[in-house]
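Working notes, beginning with the structure itself.
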Amino acid sequence: MEKILVIGAAGQLGSELTRSLADQFGAEQVIATDLNESAKAKFDFCRFQVLDVMDKDGLRNLVKNEKVTQIYHLAAVLSAVGEKKPLFAWELNMESLLHVLELAKEFKLNKVYWPSSIAVFGPNTPKINTPQYCVKEPNTVYGISKQAGERWCEYYFQKFNVDVRSLRYPGLIGYKSLPGGGTTDYAVDIYHKALAGEKFDCFLREDSSLPMMYMPDAIKATLDLMNAPSESVKIRSSYNLAAMNFTPKESYESILKYIPDFKIEYNPDFRQAIADSWPDSIDDTCARKDWGWKHDYDLDAMTKDILENLPNFKF
Ligand code: VAH
């Protein structure tokens, strides 16, 4: 029987991925953890425990005592917050990954999942259809930590046979959870403002194209990767992953079809420089070839689904 530990379960991705893991493995086989006790309210379907991922002993005891077989390590400081607290972001993002990789080696865990990001790419990376292998000189702490983390993941796979798998997520958008301090957060917030009948103050330029993905596709990609036979997972740093790319203007126009009096203004802030350092679009041929990745949602399909469901969703 697998026992799945989710670290950072209350975050934007974890809130939805934890439920999908409970659906796959059985709720009693999943332990959701997060830093704050208040997160317990999100997990009425599985066990919840407070866990500070920086508490090495606490994490080790949990893995040992619960006979954990897989860890989904989702806790991280994202790009925008990371630029305000660089050393804290580096320490949390890196130390926590190394804790998890060491435990995976010590307890011979079956699998580990760790999310990377398009943030590993930098200003001199090819911007259009960014390839799996290319120059990566990220200039955000978040991107630097994700690039270093990818190197550690590949190292632990090659040296210690730790079955760690990873995806370079684009900006993730969903209606069931709120984003956590990233540069793509605008693409979630815009729907909330449109439904509230308020003008949206966008912190990026209207023409700032970024790779994006609807949360159901991100969950599908994560489970497809984790359920693939090990020999199919040929890339052990992290896979490029793509679905769509759009600008704030295109996002706004997709909403106008449903809410014609919705208003927006563009006031770029410090996050514009972060967005400018990232690709416009991603080539994810390797994921599609190695383990059959295929996305389902484009911008219009996502907007339709969000506007139909968000009004009924209770956070
Ligand atoms: C961020 N949402 O904005 C994250 C993501 C590609 C962006 O990694 O930091």
Can you tell which of K136, K176 is at pLDDT 95 or above and open to solvent by 10 Å² or more (accessible area, probe 1.4 Å)? K136
Select from the range 188-217 the residues that are under 16 Å from N309 (Cβ atoms) and out of contact with any Phe, Trp or Tyr (no Cβ under 6 Å at 6 or more places or on another chain) and list them in ascending order. V188, Y191, H192, L195, A196, M215, P216
By residue number, the members of the range 63-101 that are hydrophobic (A, V, I, L, M, F, W, C), within 19 Å of I144 (Cβ to Cβ) and away from the ligand (no atom under 13 Å from the Cβ) are A75, L87, F88, W90, L92, M94, L97, L98, V100, L101
Scan the range 254-268 and give yes if some residue there is within 18 Å of D189 (Cβ to Cβ), open to solvent by 50 Å² or more (accessible area, probe 1.4 Å) and of a type in the set (D, E, K, R), otherwise no. yes
Please specify each residue of the range 154-181 satisfying the condition of being touching a Lys or Arg at 6+ places or on another chain (Cβ under 6 Å) and either among the charged types (D, E, K, R) or under 24 Å from L17 (Cβ atoms) (or both). E154, F157, V162, D163
Checking A187 against (1) in the same structural domain as L256 (by TED's automatic domain parsing); (2) assigned to a helix (DSSP H, G or I); (3) over 20 Å from S281 (Cβ atoms); (4) touching a residue at least 60 places away in the same chain (Cβ under 8 Å), only one condition comes out false. Which one? (3)
Only unsatisfied item for G149, checking (1) within 16 Å of the ligand (Cβ to nearest atom); (2) part of a loop (DSSP other than H, G, I, E, B); (3) not basic (K, R), is (2)
Residues (more than 11 Å from the ligand (Cβ to nearest atom), of a type in the set (D, E, K, R) and either assigned to a loop (DSSP other than H, G, I, E, B) or in contact (Cβ under 8 Å) with a residue 12 or more places away in the chain (or both)) located in the range 152-178: E154, D163, R165, K176
Restricting attention to the range 60-68, does a residue exist that is surrounded by 22 or more Cβ atoms within 10 Å (Cβ to Cβ) and in contact with a Ser or Thr (Cβ under 8 Å, 6 or more places away or on another chain)? no
Among residues belonging to the range 179-198 that are closer than 18 Å to A75 by Cα and open to solvent by less than 10 Å² (accessible area, probe 1.4 Å), point out the one that is nearest to the ligand (Cβ to nearest atom). G182
Determine whether the range 109-125 contains at least one residue that is more than 16 Å from the ligand (Cβ to nearest atom), under 23 Å from R60 (Cβ atoms) and open to solvent by 60 Å² or more (accessible area, probe 1.4 Å). yes
Top-ranked residue of the range 69-86 - restricted to ones that are touching a residue at least 12 places away in the same chain (Cβ under 8 Å) and surrounded by fewer than 21 Cβ atoms within 10 Å (Cβ to Cβ), ranked as farthest from the chain's Cα centre (by Cα): T69
Please verify whether the range 300-315 includes one or more residues that are open to solvent by less than 50 Å² (accessible area, probe 1.4 Å), within 16 Å of the ligand (Cβ to nearest atom) and in contact (Cβ under 8 Å) with a residue 40 or more places away in the chain. yes
Of L17, L51, L5, which residue is out of contact with any Cys (no Cβ under 6 Å at 6 or more places or on another chain) and within 16 Å of the ligand (Cβ to nearest atom)? L17
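The values are calculated or read from the model by the stated rules, or taken from the named source; none is laboratory data. Just so it is clear, the structure is predicted and the values come from calculations on it, not from any experiment. No Cβ is skipped: glycine too gets one built from the backbone with ideal geometry, and neighbour counts run over all protein chains shown. What goes into the accessible areas is simple: the full protein's heavy atoms, side chains included, and nothing from ligands, DNA or RNA. Shrake-Rupley method; radii C 1.70, N 1.55, O 1.52, S 1.80 Å.
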